[in-house]
């Protein structure tokens with residue numbers, strides 16, 4: 001059986017699930033320590049009942065902070081994070097069959113605009129999960145240019161904050177705009193000096209509540225200059241989308257700043273998969289996402 005039809009090689013790297021009665025704080029720990037952004041939620045019989053994402057956690061954090069006074073934010077937030085994951089998970093999760101092909105999974109994710117697709121057996125027990133990150137990684141390993149430029153699928157608006165803003169400002173921006181990353185500006189907004197992601201927020205939460213390295217109230221007062229990652233990826237606007245996929249895979253970034261005589265946008269995993277599909281149709285993705293037998297470190301294109 002070909003790799004394209006046999007899904008095991010793609011999704012068995014993540015078969016972790018979480019019980020619906022587990023605390024949200026446990027989800028934070030699991031996402032931080034395992035590098036997950038999506039975790040299937042199961043009942044006592046390990047049947048799929050929902051899915052929780054990093055965005056769900058950010059929304060819960062933002063809601064809790066907004067409902068509190070800044071002086072009591074730590075206590076209010078701990079109370080919110082102590083609630084069961086069933087209160088923030090998506091209960092209407094779309095799932096695929098563990099036996100289905102990669103092409104079937106691509107089609108489902110493209111048609112429904114999904115960022116993750118849990119795969120279940122006939123008893124609805126979770127066998128694995130396919131994410132946009134997986135599809136981008138496989139796209140990166142394909143052969144040949146795809147004939148679609150980065151600027152055709154990029155998101156033009158780049159959400160940003162200044163280095164003097166706090167992590168609380170970043171949480172609010174992420175929640176309102178439902179984004180994973182915020183660029184940090186320098187030179188009065190003329191350039192970017194770093195990036196803050198939802199993972200950075202959850203690391204602070206994990207540090208404050210699990211390791212108690214600081215008070216939660218103090219954690220959210222931290223300036224972005226102190227927590228931003230100064231390493232972020234860039235890609236030329238005229239580059240082929242396969243090049244963007246390759247760079248995301250090799251650097252481990254979920255998004256790249258698009259350059260054309262300066263920053264003109266950002267391209268994310270969602271842009272690569274869903275926008276490409278919207279422009280070219282689902283058949284484009286079926287042809288584009290094919291693993292190679294060649295496993296060398298250099299792209300064939």
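Remarks
- Counting neighbouring Cβ atoms within 10 Å and putting the fewest first, the residues 183, 249 line up as 249, 183.
- The range 8-135: relative contact order in percent, alpha carbon pairs under 8 Å with at least 6 residues between: 30
- Size descriptors for the range 94-177: radius of gyration and Dmax over Cα atoms are 17.7, 52 Å.
- Length-normalised contact order of the chain in % [C-alpha pairs under 8 Å, at least 6 apart]: 21
- The range 25-64 versus the range 239-268: alpha-carbon centroid distance in Å: 27
- Ranked by how many other Cβ atoms sit within 10 Å of their own Cβ, fewest first, the residues 78, 146 fall in the order 78, 146.
- For the range 107-149, the relative contact order works out to 24 percent when only alpha carbon pairs closer than 8 Å and six or more residues apart are counted.
- Dividing the summed -39500 (n - 2.57) terms of all DSSP H runs of n ≥ 4 by the residue count of the chain sets its mean residue ellipticity at 222 nm at -10500 deg cm²/dmol.
- DSSP beta bridges in the range 8-135 [antiparallel fraction, %, rounded to 5]: 75
- Ranked 43, 218, 271, criterion: other C-beta atoms within 10 Å, fewest first: 218, 43, 271
- Inverse mean reciprocal Cα-Cα distance (Kirkwood Rh) of the chain, Å: 20.2
Bear in mind that the values in this text are calculations on the coordinates, not laboratory data. No experiment lies behind these values; they were computed from the predicted model shown. Don't worry about glycine lacking a Cβ; one is built from the backbone with ideal geometry, like all the others, and counts go over all protein chains shown.
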